Ligand code: PAF
């Protein structure tokens, strides 16, 4: 059965009130729509541990660098609702922009440190947009639990830090990245890839795996990094914003996997920016 689509805060609150009164555990899956199997795995994880599940769909203008990027972000609301119908979610919250940013909205939530590397450098203002909207969505939905994909590992760690620092009464769940059969990490942005670019895209994770294996076998990280960048350019990527190993917990740069580490990458293919990360197995 289709979940009701709720577009304003008053209706959302009315739907949630009896759940709260009954002491329900409310799981929220924040998304920007164009739902794929990665998002559905988050909804399933939420269903497993929560009494009620809300999926939010909001293309948040404050986390994009340009209005053009916001405009071209894929929007597939009907298909999204149809996909969620099979997952038994209780509500789909698709707020109009003024329900999130009413006239005079003047608050920004920022996390320092974790946002000053990788996407924090390459997408100035991005994480402030993310944390502000996530804080707002968690408050509006009365979430007790929220589910995020490890595909956006930096985002996951930033949200965890925000929730911890602000004593928000929400448990954050990180869920594994879901991949296409050829290894490409599922992402709504994959819809923007041309057929040709789509065949090249799995080179990103292939190079990351090779780089991680090289580092684990003792090759100097910088040398492995240079080889990965050269191979990506050779495959057809135009730019590599970063491909580097960092610590899981504080995202500090590592040259050896001396503590639990991940390899992170962001690279441009035919005008589309792809990001990915994998664990470095020691
Ligand atoms: O990961 C996303 O889709 C977005 O950054 C999020 C968490 C929904 C906030 O807009």
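No lab work stands behind these numbers, since they all come straight from the coordinates. For clarity, every value in this text was computed on a predicted model and none was experimentally measured. Glycine gets a Cβ as well: all are built from the backbone with ideal geometry, and neighbour counts include every protein chain shown.
The figures follow:
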quantity: Pair residue 268, residue 121: separation of 7 Å Cα→Cβ label points (nm); calculated: 1.7 nm
quantity: Full-extension gain in nm, residue 86 to residue 139, via 0.36 nm per residue minus C-alpha separation; calculated: 16.4 nm
quantity: Sorted by Cβ density within 10 Å, fewest first, the residues 244, 223; calculated: 223, 244
quantity: Two-site label geometry, residue 209 and residue 66: point separation in nm, points 7 Å out along Cα→Cβ; calculated: 3.4 nm
quantity: For the range 128-180: span of alpha carbons on each principal axis (Å, largest first); calculated: 34, 21, 16
quantity: The chain - share of DSSP beta bridges that are antiparallel (%, nearest 5); calculated: 50 percent
quantity: Whole-number D in µm²/s for the range 1-157 (Stokes-Einstein; Kirkwood sum over Cα pairs; 37 °C, 0.692 mPa s); calculated: 203 µm²/s
quantity: Within the range 69-83, backbone nitrogen closer than 20 Å to the virtual label 7 Å beyond the Cα of residue 238 toward Cβ; calculated: 69-74
quantity: Gaussian network model of the chain, Cα within-10 Å springs - most flexible of 43, 231, 14; calculated: 14
quantity: Inter-label distance for residue 78 and residue 230, nm, one decimal - labels placed 7 Å from Cα along Cα-to-Cβ; calculated: 5.1 nm
quantity: Two-decimal ratio, the range 149-282, of alpha-carbon radius of gyration to 2.2 N^0.38 Å; calculated: 1.09
quantity: Footprinting exposure proxy for 39, 122 (fewest neighbouring C-beta atoms within 10 Å first); calculated: 122, 39
quantity: Values of log10 I(q)/I(0), in the order q = 0.16, 0.18, 0.23, 0.24 Å⁻¹, for the range 1-87 under a Debye, Cα-only, solvent-free model; calculated: -0.71, -0.87, -1.23, -1.28
quantity: Tensor-based shape of the range 1-47 (alpha-carbon gyration tensor, a/c under 1.5 rounded, otherwise prolate or oblate); calculated: oblate
quantity: Long-range tail of P(r) for the range 76-118 (Cα pairs > 15 Å, %); calculated: 66 percent
quantity: Gaussian network model of the chain, springs between alpha carbon atoms under 10 Å - residue of 120, 38, 23 with greatest fluctuation; calculated: 23
quantity: Residue 259-residue 24 FRET efficiency (beta carbon distance; Förster radius 45 Å; 0.05 resolution); calculated: 0.70
quantity: Distance between the range 92-162 and the range 192-255 - C-alpha centres, whole angstrom; calculated: 26 Å
quantity: Binned Cα-Cα distances of the chain, short to long, each 10 Å bin given as a whole percent; calculated: 6, 28, 35, 22, 8, 1
